[in-house]
Structures are given as structure tokens and as C-alpha cells.
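Have a look at the structure below before the remarks.
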Amino acid sequence: MTYTALAITLAFVCIPLVLSKALNLKLGADVTIATIRAIVQLLAIGYVLQLIFNQQNVLYSFLMVAIMILVATLNARKKGAQIDGITWKLALSLCAIEGIVMGVLLGFHIVPATAQYIIPLSGMAIGNSMVMSILFLNRFTVEIEAHEQEVELILSLGGTPKQAIHRQLIASIKASMLPTIESQKTIGLVQLPGMMSGQIIAGADPMQAVMFQLLVQFMLLTTASVSSVLLGFLSYRTLFNQKLQIIPEKFTGQ
């Protein structure tokens, strides 16, 4: 891939710009900003990764992963602003995911402990966990808003906050996990995933690419489940006051 070829691929960006203009979607600015950010961010990270891979210093890998967690936390916390301590709860969830994933991959020597493997796989795990966290927080807020009276009724009958919120919590966790599960059901039939396709394009053996992709898919299942469950059980208690009453002002639209 040359810079000239990359420039030609901007034709793909022109199509949504034209459609936005023709249909008055008013997404032209967003598409343009997203494109510019993608170019700058990816080219910048490309040079950074070259430096890290050449140095092979574990401190650089640790710093890169820490930056990923920080950025993911700051991005996801916007969706859970009404939850007290959401920043540290998200950070803890993402750190737990990273610890589990790297603990398995490095502890069982599935991949080498080098930046070439640690950073890309960490990025996939943290990125997916961030998306699952956002999906969970969005759904959880909606569920509580829609069933506030039901929650208050259970509390008035002597139920604990955990009992009162249980149905909404489980529904939110399930909803945030479903996209990952459904995607895995059709993998290889509807789409060839990015990591697998990239390896094949680079000349890797297809079966080797398949095995690495399966590694990633199983890893993403863990990130989807652990991030949603951990974040949910860390967050629900802050929705109630000391008298075990739900706090209406925690939710938009109240």
C-alpha cells in the first residue's frame, strides 16, 4: 500500500459525503472530521508502533496499554455520568479485562510477550470492552427510567437494592453482550473478520490466520461478558441513597 493508493481510497469517503448532501442528512461535517481524525490518528500511531517495536522495551508496551485504557475510560464515562464514580469503575473494569486477557495469553505462552502481540491484542480487548460498557450504560439508564415505579415498589415491600434492580441489570448485561454473540454466530459465513483478512492479505497461511482469529473471537467473548457484568455490579448500588431509595435525579428526563 502506497500513499498514492491510500489517497485514491478517499473516493470511498466521497460517497457518504455525496449522499449526505443529496439527502440533506447534514452529516458532511461529521464524516469529514471523522476521516481527518482517522488519518491523523492512525498515521501517528503507525509511527509510534514502529518506534515501540524497534525498541522492544516492556515499559513502552505498558505505557501504550495504559494510554488505551485512559482514552477508553474517558470516552465511555460520558454515557454513565449519572453514576457516581463511573470513571474509576470503568478504569477498574478495563484493567480487569486486560489482566484476564494477558494473563491467559502470556501465562499459557499462547503468544510471545512482545509489543508486536501485546499491543494489538490489548487494543482489541480494551476497544471491545469500551463498546460493551457504552452499550451497557445506555441500556441500563433506559431500563431504570422505564421501570422506576417497579423498582420503587420492590423497595417499598422490603426488597434490597440488588433485588429491586435485578431484572433491569440482567436485561442490560444481556443486551450489551448480544452483538458480540450474534456476530460470532455468522463469522466466516457473512464476513471475514479484520484480523484474519489482514493476515491473509499479508500472505499468511489461511489456517494460521483462522486460528489467530478464533483466539480473538474467544477473547472478545470474555471482554463482552466480564466488562458488562463487572461494570453493572460496581454501578447499581450508587443509584440508591442511604435510605435505600432510588435517586430520581440520577436519570435524565426525571
The size of the Cβ-based charge dipole (Lys, Arg +1; Asp, Glu -1) of the range 57-252 about the Cα centre, to the nearest 20 debye, is 200 debye
Pseudo-spin-label distance residue 66 to residue 215, built 7 Å along Cα→Cβ, given in nm, is 2.6 nm
The helix 58-76 Cα axis meets the longest alpha-carbon principal axis of the chain at an angle in degrees, between 0 and 90 and rounded to 10, of 50 degrees
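Tell me, what are the semi-axes, in whole angstrom and largest first, of the equivalent ellipsoid of the range 137-237 as set by the roots of 5 times the Cα gyration tensor eigenvalues?
Values: eigenvalues 328, 27, 15 Å².
Working from the Cα gyration tensor, I get semi-axes of 40, 12, 9 Å.
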Placing each pseudo-label 7 Å from Cα in the direction of the beta carbon, residue 59 and residue 205 end up separated by a distance in nanometres of 3.9 nm
Zone reached by a paramagnetic label modelled 7 Å from residue 116 Cα along Cα→Cβ, restricted to the range 16-49 with backbone N below 19 Å, covers 46-49
The answer for the chain, accessible area per residue at 1.4 Å probe in Å², is 59 Å²
Cα-based Rg/(2.2 N^0.38 Å) for the range 141-196, rounded to two decimals, is 1.72
Relative to the chain, whose Cα atoms define the longest principal axis, helix 161-185 and its Cα axis are tilted in degrees, nearest 10, by 20 degrees
Per GNM of the chain with C-alpha springs under 10 angstrom, the most fluctuating residue out of 202, 81, 91 is 202
The chain: spread of alpha-carbon positions along the three principal axes, whole Å, largest first, is 66, 54, 36
A 1.4 Å probe over the protein heavy atoms gives the chain a carbon and sulfur accessible-area percentage of 68 percent
Of the convex hull drawn through the C-alpha atoms of the range 1-109, the volume per residue in Å³ is 158 Å³
In degrees, nearest 10, the alpha-carbon axis of helix 115-146 is tilted away from the dominant principal axis of the alpha carbons of the chain by 30 degrees
Note: the range 1-55 at 20 °C, 1.002 mPa s; Kirkwood Rh on alpha carbon pairs; Stokes-Einstein D in µm²/s works out to 166 µm²/s
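Largest first, what is the accessible-area ranking of 190, 111, 226, 40 with a 1.4 Å probe? Display every interim value, and only then the final one.
Details: 190 115, 111 10, 226 40, 40 90 Å².
Highest to lowest solvent-accessible surface, that is 190, 40, 226, 111.
Round to the nearest 0.05 the FRET efficiency obtained for residue 157 and residue 178 when R0 = 41 Å and r is the Cβ-Cβ distance. Before the final figure, lay out each step's value.
Values: r = 31 Å, r/R0 = 0.76.
So the FRET efficiency works out to roughly 0.85.
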Placing each pseudo-label 7 Å from Cα in the direction of the beta carbon, residue 109 and residue 29 end up separated by a distance in nanometres of 5.7 nm
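From the cross-link list 21/185; 26/79; 21/79, which pairs have alpha carbons spaced over 26 Å apart? Could you put the intermediate results ahead of the total?
On the way: 21/185 36 Å; 26/79 24 Å; 21/79 30 Å.
Those over the limit are 21/185; 21/79.
The values are calculated or read from the model by the stated rules, or taken from the named source; none is laboratory data. All of these numbers come straight from a predicted model, not from anything done at the bench. Here the Cβ is made from the backbone with ideal geometry for all residues, glycine too, and neighbour counts use every protein chain on show. For accessibility, only protein heavy atoms count, side chains too; no ligands or nucleic acids. Shrake-Rupley method; radii C 1.70, N 1.55, O 1.52, S 1.80 Å.
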